[in-house]
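First comes the structure, then the notes that go with it.
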Amino acid sequence: MSDKPKIAFYWCASCGGCEESIVDLAEDILEVAQAVDIVFWPVAMDFKRKDVEAMPDGAILATLVNGSIRTSEQEEMAHLLRRKSQILIAYGSCAHTGGVPSLANQFTREEILRYVYEEAPSVVNENRVRPQPRHGHNGTAVTLPEFRGLVRSLDQVVEVDYYLPGCPPTPKLLKQAVLTLLSGNLPPKGTVLAPDTAQCDQCPRKETKPVDLKITEFKRPHWTQIDPEKCFLAQGIICMGPATRSGCEAQCIRGNMPCTGCFGPTTRVRDQGAKILSALASSVNAREPEDIEKIMDGIVDPVGTFYRYSLAKSLLRAKVTR
Amino acid sequence: MEPSAKYLYYPGCSLKGTGIAYEESLLTTFRLLELPIKELPDWNCCGATNYMSVSETSATLLAARNLALARQTGSRDLLAPCNACYLTLRKSQELVAHYPKIAHEVEQFLEQAGLPRLDSVRVRHVLEVLYTDVGVERLRELTVRRLQGVRMASYYGCQAVRPYGEVDDPHEPTRMDQILKAVGVDVVEYNLKTKCCGGALTGTIHDVGVRLNYILLKEAMRQGAQAIVTICPLCQFNLDAYQAEIRKQTGEPIDMPIFYLTQIVGWALGGDVRELGLHRAISGKKLIEQWFTVKKEAETYV
Amino acid sequence: MSEQRNGHVRIGVYICHCGANIADTVDVKAVAEYAATLPGVVISREYKYMCSDPGQELIQKDIEEHAINRVVVAACSPTLHENTFRGAAERAGLNPFFVQMVNIREHDSWVHSDREAATVKAKDLVRAAVMRVYFHKPLEKRRVPIHPEVLVVGGGIAGIHAALTVANSGKRVYLVEREPTIGGHMAQYDKTFPTLDCAACILTPKMSAVRAHPNITLWTYSEVVSVDGSVGDYKVVVKRKPRYVHEDLCVGCLQCIETCVYKDSKFDDEFNLGLSKRKPIYIPFAQATPKVVVIDPDACIQLKTGKCKKSCMEACVERGAIDFAQKETYEEIHVGSIIIATGFQTFDPRRMPQYGYGKYPNVYNTLEVERLVNASGPTSGQVITRDGRVPKSVGIVLCVGSRDENTNRWCSRVCCMTSLKLAHLIKEHTGAEVYIFYIDMRAAGKGYEEFYQRVLNEGVHFIRGRVAEITDWALDPSEAGKLVARVEDTNTGFVRRIPLDMVVLAVGLEPQPDAHEVQRMFGISCSLDGFFLEKHPKLAPAPTYTDGIFIAGLCHGPKDIPDTVMQAGYAAAEAIALADTGFFELEPNTAYVVEEECSGCKTCVPLCPYQAVTFNEEKQKAFINEVLCKGCGTCVAACPSGSIKQNLFEDEEIYSEIEGVLAYA
Amino acid sequence: MEDRPVSDKLSTSVQWEPIIVAFFCNWCTYTAADLAGVARMGYDPNVRVIRVMCSGRVDPQFVLDAFAHGADGVLIGGCHPGDCHYVEGNYKTLRRYHLLRRLLRDLGIEEQRLRLEWIAASEGEKVSKTINEMVEQVRALGPLRLSRRFKEWDAELASLEAEAQSEEVVAHV
């Protein structure tokens, strides 16, 4: 093996989009590949866990882990890679703040398993068979990882050095991050490698947001013809932009969809959902409880709307009475 | 009993005896208003006067049994037309609500009797039902004949407006006046609306009782009333029964019909003299005849 | 908690016993010992009276000798002594905003009885403060200059006295009065208790003085319609209603009234409470100030139909003071402080139908009788009932609309003395038998009890009992044609019926019907009874919670004339002191935008009621004008990216308090 | 950490007692609480008041943070509508409260655990009444104590790191 810095990629509970995003580097990936040795990348290269285990602790310069942590196997891998890496990077919303998978924190493990293996409309499972952690077969035992009671962000399981936000992170941010790593000029531990202002800062529709916004109705995007030029909030469509870190170059907004918050909150904010809630509610144009309630009826799923990517890292973390 | 009857009727002792005309006119009026009403089965004494003054707990037990029976029927509104019944039943509810000791005894008693625990039965008075549930405007619309030019004083008696203030304003009750006006009666100013009628005194310290009676009648006359309208069987009886005696004592020509509100409303709605118990009057028979029977042909239809 | 963040933090904790007030319920020693164990705490003490000089010196000494750089004082409410302890810190050279108070008296020892629970609570609160002061920053007090001019709202005796006092100190005063004349209720009174000097004789010189004072701008028939700004610079808009007469041209000759096309006066005279009539063009009363006529637009034919021969104008053709085209105008003024003296209304006894007011013509209220006994009143001082008789028996019913669960619970304070005075005057004028029906006679005041004795000796009958009803129903011939007061005489134990020719209801005093609107407009509070709320019931009975706004007179609660004058003088003194100081120190609790963090989402901009938050188009960021910011923190809570901060109430400070009070949970 | 008694009634037992974090606005409710103190209108000692200038300063994050740190209930006290010292800060609070209540419901926190009450400076009695009422309601709901629940949730992670390392060692030998 060469003396080039060693880099690893791993995925936990995620959709695979983050892996795609690495490939999205396009020709730049060659540049990266020249500069580093990729020592572990299960989705693309044939390395095994034991290869990692065989490395001395701290042998890897940086590991980028995407996906949230739901199973004991993911936990084990997180711990293993933490030990073997000098720098551990939470890559993408799921590793960063729990991501969409952490919306499952609204349900118990039993509810999830029952639905997935028994009740989902596409399931045929008359005997109600469920995967078991251990299964004996021909004298050997086959094991499956434990399914944990909660979805967690990476830093709720192991210490994380940096975060690359996004669902998925943009190639530009990834490239910047890799170059920063290689430069050796490292930012303070815990830094999110994206700008620390909110989305509006980069939003192409910023000018169209009025300075006296008064929300009289919340509309869902599919209920209405969206004006492609005008601020979503000015159209009554919930946009997480004001409470979401910038750095994505407003990709969704350019695609005429409101921001859903994947970059997570700025460093000053402890709870992204509570903050957008506060901002939106403050702007509601009603004074009487009944009128307020009527307007709030337009937000059909506050948890799914405000915590789409961040329930695991929210202050309450989950539905508390699961 | 079918639970469909909105109003459960608690007669109390009076409406089956001296106050029978109240019952007759009440049921007739409710029939004409198409308000479903059923008598509470197996009711007992409300616990008024003697019981309530001697032992609040015993009186409350009597009242509680009636309330529990009402609860059992599933109806919510227990109509107590007699002022004494109304006040006693209401008072018992307050006692149970605010005095844990009484509440405890009531609970034990009801359990022994196999009756349900007290719940939110609403004790209601006829006047309040007519005013709130039916409404003055509706009564005006439903009126088919008017006692034109007849002047009456409305008289509540001492119990109906205190202390709960649901039947009417305790200081200045006017609901009865409004209803009477709506059904075509001229109502005179009457300041003694809630003054004592003599109550049980007419039977015990007779002179005092009759004097109190006289005060009421005299003032009604002074105000130009030709009749008094009441909502309490004891008041009606006292005012009605001793006029001859008063005439003899004072030499004043008092002879004034004393009606139940339901008789006047019932008649305006088209009820018949006999089914309204109007024939049972003791005093003012001439006027009654003049107003309700003789001039039948000349009824003013509206 | 990170020490790095704010350098080397050395906290001193001081637990006050407040004599026994705190120490009896809270184990102060245990709290101090506990505080000593908290991170960052260098010194923890308990002391008998922290607010005393030795107590403050304790803090100063620790700052100087032990290099304490954060101070936590657990004592009474910060609204009482926060400034005391900040001052102590400042004297020792520490920035005063490194002080945090913990309220273990009002919020703890005074409301709990269980010593253990109260001690635990005190520890929790102290811990929260200790954790909080970590994040405190040195701040500068903000000073705002004080505009020296003063607004006085209301021209009754309170407003008049306040205006004169301020004006005499050389400050300019605007006196705004809603009615066409100043004078208020006092102008309607006949004599004043207990000295029986005539109200007009002592009031009218002061009214003239107001009119003549070079420092007073008097606007009658005017109302304040909006108030903006804050202490030092209130921007006030005053609406001047058209009186259809030019104030500067009218000389008060009253010729116009003579010649009005209405030969007879036929409209209710407000000043005499409808006991006499006036014309559409009128002067409220002889000594009205300014002595300028006014035209009632609801009565004047010209103003109603435009078809009058306008004989009033003819009478005034030389001066040309009458002007039917006059429109309302608005004046905008800037003042440094405001004295509110908007007075009261009397209780409407129609709310107690059992007393027959409005039903029986011979039932009066006290104010009407003041006019009846007044020599310049509607009957020229003759006490004659509405049906034209001189009463032979008069009953005065006390506590009508006072001390009553069904109407007003408070004692109106003046009715006992007013009734004694009227009893004396009625007796003097008519020789009638006078009965006073009372619950308690309250004659506390200089010379008051003596006056009560005098009236007792004059043979007025005092019947102790709340009157049940006034009726015209006669039980026997002696009552025929009279009113009867039915009352339980609680001294003899009998129910009595007293036949009377005239009944006077001593009506209670209530807040003005629009007190709530006034309260909101000026941004002050009301007490439960609806009167304006003072800052402190004992030590600050004229200031309000809103700096630069003072209250005087009956708008604050029932009181007699001497108390009103004293409070008005006190309010004036406060306003003068403020103006003379020239500046006011504000809490530096303003919000500010951290520019490089702001995304320019504009959420905050419309939330500020003071327009302190604006959007800087050039920088594309929000900006908070510190001078306009009042420090509510609403924009801070709403900022979706956490880019607005509030001094003294930083997120981190509040989070650490939350964590602090919950550390055991 | 040890549970400790906070109630007058239960001072000697170690039974759970609700803790309520209250955010009171400086001008109305905090002053009213001072008044309750001056007038010795006693109430349950379960409440911990945090002073803010206006109820409008109460960031929904503070409410969640209080719950996350173990509060069983959160009480927000502000001036009556129309009486806000800052004109209309309390209306913003009201709107946030309505939306926050929906969010909390979806996240399994009972409605009675968050209360918004308008208490004017003169309403000392209402402070004591509101607190007693809320303590009673929250007591009936039982403990929320999320700080402790979080620890329970994370118990499943506890020994894993050590376990993983030992397995690895085993695999290597």
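Listed values, structure above:
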item: Selected residue (criterion: farthest from residue A:103 (Cα to Cα)) from residues of the stretch D:91-127 that are modelled with pLDDT of 95 or more and of a type in the set (S, T, N, Q); result: D:93
item: Residues of the stretch A:277-321 satisfying the condition of being over 22 Å from residue A:97 (Cβ atoms) and more than 8 Å from every other protein chain (Cβ to nearest Cβ); result: A:285, A:288, A:290, A:291, A:294, A:295, A:297, A:298, A:300
item: Selection status of residue A:264, in contact (Cβ under 8 Å) with a residue 60 or more places away in the chain and in contact with a Ser or Thr (Cβ under 7 Å, 6 or more places away or on another chain); result: yes
item: Subset tally (residues that are under 18 Å from residue B:215 (Cβ atoms), buried (at least 23 other Cβ atoms within 10 Å of the Cβ) and in contact with a Gly (Cβ under 6 Å, 6 or more places away or on another chain)) for the stretch B:238-289; result: 1
item: Test: residue in the stretch C:164-178 that is at pLDDT below 95, outside any strand (DSSP E or B) and not aromatic (Phe, Trp, Tyr); result: no
item: Selected residue [out of contact with any helix residue (DSSP H, G or I) (no Cβ under 7 Å at 6 or more places or on another chain), hydroxyl-bearing (Ser, Thr, Tyr), farther than 14 Å from residue B:64 by Cβ and not assigned by TED's automatic domain parsing to the domain that holds residue B:230] from B:131, B:86, B:99; result: B:86
item: Complete set of residues in the stretch C:190-212 that are closer than 29 Å to residue C:519 by Cβ and surrounded by fewer than 20 Cβ atoms within 10 Å (Cβ to Cβ); result: C:206
item: Which listed residue is over 30 Å from residue C:394 (Cα atoms) and touching a strand residue (DSSP E or B) at 6+ places or on another chain (Cβ under 9 Å), from C:557, C:508, C:582, C:569; result: C:582
item: Unmet criterion (only one of (1) surrounded by fewer than 24 Cβ atoms within 10 Å (Cβ to Cβ); (2) farther than 13 Å from residue C:133 by Cβ) for residue C:31; result: (1)
item: Which listed residue is away from chain D (no Cβ under 14 Å), of a type in the set (A, V, I, L, M) and closer than 30 Å to residue C:436 by Cα, from C:573, C:579, C:506, C:552; result: C:506
item: Qualifying residues in the stretch C:585-605 (those that are modelled with pLDDT of 95 or more and not in a loop (DSSP other than H, G, I, E, B)) - the one surrounded by the most Cβ atoms within 10 Å (Cβ to Cβ); result: C:591
item: Candidate set from the stretch D:95-111 (those that are in contact with a strand residue (DSSP E or B) (Cβ under 8 Å, 6 or more places away or on another chain) and more than 7 Å from chain A (Cβ to nearest Cβ)); member that is farthest from residue D:141 (Cα to Cα); result: D:97
item: Those residues of the stretch A:135-180 which are in a helix (DSSP H, G or I) and not aliphatic (A, V, I, L, M), in sequence order; result: A:155, A:156, A:171, A:172, A:175, A:176, A:180
item: Members of the stretch C:610-621 found to be crowded, with 16+ Cβ neighbours inside 10 Å and within 15 Å of residue C:230 (Cβ to Cβ), listed by number; result: C:610, C:612
item: Which listed residue, of A:134, A:152, is among the basic types (Lys, Arg), over 24 Å from residue A:33 (Cα atoms) and surrounded by fewer than 22 Cβ atoms within 10 Å (Cβ to Cβ); result: A:134
item: Residue check for residue A:216: among the β-branched types (Val, Ile, Thr), within 17 Å of residue A:167 (Cα to Cα) and either within 13 Å of chain C (Cβ to nearest Cβ) or in contact with a helix residue (DSSP H, G or I) (Cβ under 9 Å, 6 or more places away or on another chain) (or both); result: no
item: Criterion: out of contact with any Lys or Arg (no Cβ under 8 Å at 6 or more places or on another chain), more than 10 Å from every other protein chain (Cβ to nearest Cβ) and of a type outside the set (Lys, Arg) - qualifying residue of C:596, C:659, C:618, C:585; result: C:618
item: Some residue of the stretch A:251-259 being at positive phi, more than 10 Å from every other protein chain (Cβ to nearest Cβ) and touching a residue at least 12 places away in the same chain (Cβ under 8 Å); result: yes
item: Residue tally, condition part of a loop (DSSP other than H, G, I, E, B) and surrounded by 14 or more Cβ atoms within 10 Å (Cβ to Cβ), over the stretch A:223-248; result: 13
item: Checklist (1) at pLDDT 95 or above; (2) under 30 Å from residue C:100 (Cα atoms) applied to residue C:140, failing item; result: (1)
item: Residue in the stretch C:480-488 that is buried (at least 20 other Cβ atoms within 10 Å of the Cβ) and either at positive phi or within 12 Å of chain B (Cβ to nearest Cβ) (or both) present; result: yes
item: Criterion: more than 23 Å from residue B:23 (Cα to Cα) and not in a loop (DSSP other than H, G, I, E, B) - qualifying residue of B:220, B:225; result: B:220
item: Filter result (assigned to a loop (DSSP other than H, G, I, E, B) and facing chain D (nearest Cβ under 7 Å)) within the stretch C:638-656; result: C:649
item: Options B:62, B:33, B:27, B:78; residue that is buried (at least 24 other Cβ atoms within 10 Å of the Cβ) and within 21 Å of the chain's Cα centre (by Cα); result: B:78
item: Checklist (1) at pLDDT 95 or above; (2) under 26 Å from residue A:190 (Cα atoms); (3) out of contact with any Cys (no Cβ under 8 Å at 6 or more places or on another chain) applied to residue A:262, failing item; result: (3)
item: Filter result for residue A:270 (in contact with a Phe, Trp or Tyr (Cβ under 8 Å, 6 or more places away or on another chain) and either in the same structural domain as residue A:96 (by TED's automatic domain parsing) or at pLDDT below 95 (or both)); result: no
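Okay, residues lined up against (1) in contact with a helix residue (DSSP H, G or I) (Cβ under 7 Å, 6 or more places away or on another chain); (2) under 20 Å from residue B:70 (Cβ atoms); (3) assigned to a loop (DSSP other than H, G, I, E, B):
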site	(1), (2), (3)
B:8	yes, yes, no
B:12	yes, yes, yes
B:23	yes, yes, no
B:26	yes, yes, no
B:31	no, no, no
B:34	no, no, yes
B:38	no, yes, no
B:44	yes, yes, yes
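For every residue, the table says whether it meets (1) closer than 27 Å to residue A:241 by Cα; (2) without any contact (Cβ under 8 Å) to a residue 40 or more places away in the chain.
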position	(1), (2)
A:142	no, yes
A:167	yes, no
A:181	no, no
A:187	yes, yes
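The values are calculated or read from the model by the stated rules, or taken from the named source; none is laboratory data. Since this is a predicted model, take the numbers as computed values, not measurements. FYI the Cβ positions are ideal-geometry reconstructions off the backbone, even for glycines, and counts take in every protein chain you see.
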